[in-house]
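Working notes, structure below.
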Amino acid sequence: MSSYRPGGPGAGSGLGGRGASAPRGYVPGLGRGAAGFTTRSDIGPMAARTTGVGGAESGDSSALISSGVGGSGSRAAELRAAKLQMKAMQQKQQQTAVPVGVGVAAAAAAPFGVAPKGYVPGAGRGAGTKSGDDDDAGPTGYDQFGGYNDNLFGKDSTPYDDDDEEADRIYDAVDERMSARSSIKRRRGAGGEDSITIRGGDDDAGRSRIGDQFRELKEKLADVTEDEWAAIPEVGDYSLKYKQKRREDTFTPLTDSLLEARKQANADATSGNTKLAGTAQAVDGTSTSGFRSVVTNMSGLAEARGTVLGMSLDKMSDSVTGQTVVDPKGYLTSLSKTKIATNAEVSDVHKARLLLKSVRDTNPKHAPGWIAAARVEEAAGKTLQARKVIQEGCEACPDSEDVWLEAASLHPPEVAKTILATAVRRLPKSVNIFLRAADLEHNDSAKKAVLRKALESNPTSVTLWKAAIELEDADDARILLSVAVENVPHSVEMWLALARLETYENARRVLNRARKALPAERAVWIAASKLEESQGHDDMVDKIIDKAVRSLAQHDALVSRAQWLKEAETAESAGAPLTAGSIARRTVGMGVDDEDRQRTWSDDAAGALSRGAVATARAILAHGLATFPSKRTLWLQAVELERARGTPASLDEVLAAASQRLPRTEIFWLVRAKEKWLAGEIDAAREILTEAFAANPDSEPVWLAAAKLEWETGEVERARVLLRRARDRAPTDRVFMKSALLERECKQYDDALDLIEEGIAKYSKFAKLYMMGGQICAEDLTRDKYSLDRARKFYQRGLQACPASAVLWILASRLEERAAAFDHGKAGNKASNGTGGVTKSRSLLELARLKNQKTPELWVEAVRLERRAGNDKLASALMARALQDCPSSGLLLAENIITSPRVEQKSKSADAIKRCPDDPRVISAVAALFASERKIDKARKWMDRAVVLDPDLGDSWARYYAFELEMGTKEQQQKVKERCTVAEPKHGEVWCSVMKDMSNRRKATSEGLELVAQKFLSRRQLN
């Protein structure tokens, strides 16, 4: 910083001299726009003022100006320097005040001249005011830089309170603390003077310049030698980029494969395999503690590769002939299956080795420890080490057969034979060692020799006898078995095997000997019974089984009832049904309470039949019927068994017995007569029904069955006579209906209507009579106004008598819908009549729904009526109302699926399945949807599910058969037809409409299935 020295050369000679003193307030270069600069040591805490040579004091304003004013430091530093300067000027002015009348020279000594009397600095801009002519009057606390300190707004506007005083004390304490920390007294060399201090203000008291603090150190530099100077380290670069935290050096460990390769190379070198050891060389000959730079020897690698390949081929070659046994096709496959151990597996193997070593050291006689150690080595791929371990185990545990067997499994067959030979000398009673030795032999003769040697040491071993007998033919096996039963008489299998190989007489002797040797074994008695049954001695079967049960009871052989029934089923599966039946009859009553016998025996028969034991089930039911001859459920169960699994003769025998035991039960008479009729034995069926009449003279089912028999066989007059007698002796509503139906089929409509009127007079609540009367008038008679009125009267009378019959309402509405067809004389009004017919039909159905709420059939008929009339929107609205009224109706849901647009059928199917998951009509409708989408397998599966849910619903069978006609094969079609014939369905809307048509009444079920399926195909119900 540039400054003037007060009192220097030329002082007082004016401003033009170089050594002249600068005027007060002078800032060098300020007039030309220059700006000086100051440092922290000049204006900061370590600032100091120099003492003038010409006698100027340290508080001289020129020194302050030169050190504080005009610097280019911070704004705070400049303000601080200015404040110090002003304080110094104020103190000097107070000490040397200029009196009034001072001369120009004295006034020139002041920086800005002498102020006039009464002058108040800054009064013009509001800083203060004059207060009279007194010199001392006016504002106090004058500051030459800032003016007077009077408050412009009054003395008491901002009072100096306790908080201000406390704040001043705190700031003063902080300043004193900072001054005390930086106050360092340094002594000069010879003069002993204190270091130059600044006295210009209280804040800078006792503070020295930074340069003075290093004065002693700088003086000592004169004693530094050249070598010491050269030894001083270079100053480092302390820029910001080197002050950042540097990342630590990372070291990547070597992989296990590299370490293992290095270890193998060292092992090859130490073992003398120079071809493998010379593949790597160091660059220099020195060896350090770290890794050496390695240069790969390519020729050495090639030689090493050839050597490894040769060793691999040697291992794969035959040791005898030298020919290779490598499978060229499976070689790569075997390589791909080679397991590569991971680090975790290697660690586990190491831990297992240490653990098992501890086990072996603790208890060397513990055979499982040696076996486990050998298996660990084998699993790790160390076969040689495993063999070594198991060899030590054989030496430590020579009496353990498991150790010997493990050793044999770890060695090749030839070595294993030697090991097992040593083992059998050590353990001649070990059966497993002999069996293992026999397995190692490749021809039967050697195996026989080993087993015979084993039998010499172990003549009572059943396992060895079985193994030896299996290798012999029938004759030699018979000889061995005869010896075996002498050595092991407790073996049932040996006795039974010998009996099977002997002739009948010898087998009887063998079984008698077995029975004496094993009196408590039931298998011997059952074998004897089978033997007699195989020879046709049926009468001996029951005797043997009865004697067996008593003998076992005498010898306290506890055989439960369930075990006997299981033996019966086993005997039946072995081809001995008589033995099975005898066992069941003799033991089925064991341990059963009297009150539980019927239920228990019924369950036993059903369980045996479900497992395919028909003879056992038949015997159980026979025993139950003998005990309870009047139980209808047992007889029905027996009839179903014979119908499903028996023959026509056995079924007729059971039905005859049931009819004799329960003559008042018509079902057995009727079923027996029907079976005879289906078999073509009409006369036998008539005789059975005659006997039924004798036992049940007033039975409606018998009368109707007799009439149907004559009716179906073409004997109409005999049928009419039987029905007339039935109306006289056993009059019922069904008798009158069947009589009218017979006359209708014979086209005797007047007689039929007379019989209907007679029946209505007696049975007015029977709705089918009204239906038949209306159908005869509407369909069979001439279609005129008279027939229409008669039909309407029948339906009206029926609706009054039977308002709950939905079928009557539907028939009446259909009649009104077709009313125009009965008016032949007014062809011109046909359209209007048709419209009126629909209106009347709609009204009838609405009335029907009012009287029979929540009836799905009426809703479906109303929807179909609107669709037939072309009112699709009204039909959709009715369907919505119907689903609200009957949300769980399968009939409505199925109709909704079929009649909905194609894009809505999937969503409606899903909703229907959620509401009715087990309704056959819904399932059938969904199956039809699948069929239309050509999802054949899924459609077939759902069709089959529908017929299983309700086999009596003919519509499901017809849809299934129609589907197979379009999508299936001949075999599948025939299978569906056969199943439908067996089920004999009787219900279904379309099925009944076809099968009850007068032209189709005599058609069989299979023929009706064809007709209904064709009707479905024509109506395209599947698509």
Completion exercise
In terms of the alpha carbon gyration tensor, root eigenvalues a ≥ b ≥ c, rounded if a/c is under 1.5 and otherwise prolate when a/b exceeds b/c or oblate, the range 706-787 is oblate
Practice task
At a temperature of 4 °C and a viscosity of 1.567 mPa s, determine how fast the range 918-1022 diffuses translationally according to Stokes-Einstein, using the Kirkwood radius over alpha-carbon pairs as Rh; express D in µm²/s, rounded to the nearest whole number.
Solution key: 97 µm²/s
Exercise for the section: Mind putting a number on the dipole of the range 918-1022 about its Cα centre? Charges go on the C-beta only, +1 for Lys and Arg and -1 for Asp and Glu, and I need it in Debye to the nearest 20. Expected result: 240 debye
Exercise for the section: Assign unit charges at the C-beta atoms only (+1 for Lys and Arg, -1 for Asp and Glu), then state the dipole size of the range 558-649 relative to its Cα centre in Debye, rounded to the nearest 20. Expected result: 200 debye
Fill in the blank from the handout: Taking only C-alpha positions in the range 344-427, Rg and Dmax in angstrom work out to 12.7, 43
Practice task
Decide, for the range 964-1006, between rounded, prolate and oblate: order the square roots of the alpha carbon gyration tensor eigenvalues as a ≥ b ≥ c, take rounded if a/c falls under 1.5, and otherwise choose prolate if a/b is larger than b/c, else oblate.
Solution key: prolate
Practice task
Using a 1.4 Å probe and ignoring any ligands, DNA or RNA, find the accessible area of Glu745 and quote it in Å² to the nearest 10.
Solution key: 50 Å²
Fill in the blank from the handout: For Thr732 the rounded accessible area (nearest 10 Å², probe 1.4 Å, non-protein molecules ignored) is 30 Å²
Problem - Probe 1.4 Å, all protein chains present, accessible-area order of Phe794, Phe214, largest first - result: Phe214, Phe794
Practice task
Heavy atoms only, probe 1.4 angstrom, no DNA, RNA or ligands counted: give me Glu779, Glu675 ranked by accessible area, highest first.
Solution key: Glu779, Glu675
Problem - Gain in span if fully extended, Arg1001 to Arg500, counting 0.36 nm per residue against the direct Cα distance - result: 174.3 nm
Problem - Distance histogram in 5 Å bins (all Cα pairs of the range 713-756, percent per bin) - result: 6, 25, 33, 26, 10, 0
Problem - J(HN,Hα) series, the range 771-777, from Karplus relation 6.51 cos²θ - 1.76 cosθ + 1.60, nearest Hz, glycine and proline x - result: 4, 5, x, x, 5, 5, 5
Fill in the blank from the handout: Probe 1.4 Å, all chains present, heavy atoms only: Asp172 accessible area in Å², nearest 10, is 80 Å²
Practice task
Calculate the dipole size of the range 344-427 relative to its Cα centre from +1 charges on Lys and Arg beta carbons and -1 charges on Asp and Glu beta carbons; express the result in debye to the nearest 20.
Solution key: 160 debye
Problem - Solvent-accessible ranking of Phe963, Phe930, largest area first, probe 1.4 Å - result: Phe930, Phe963
Handout entry: Cα pair count fraction exceeding 26 Å, expressed as % - the range 376-522
Key = 40 percent
Problem - Whole-number D in µm² s⁻¹ for the range 637-738, Kirkwood Cα-pair radius fed into Stokes-Einstein, 25 °C, 0.890 mPa s - result: 177 µm²/s
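The values are calculated or read from the model by the stated rules, or taken from the named source; none is laboratory data. Quick caveat, the model's predicted, so the values are computed rather than measured. Counting neighbours? That spans all protein chains shown, and the Cβs are built from the backbone with ideal geometry, glycine included. Surface accessibility is based on the protein's heavy atoms, side chains included, excluding ligands, DNA and RNA. Shrake-Rupley method; radii C 1.70, N 1.55, O 1.52, S 1.80 Å.
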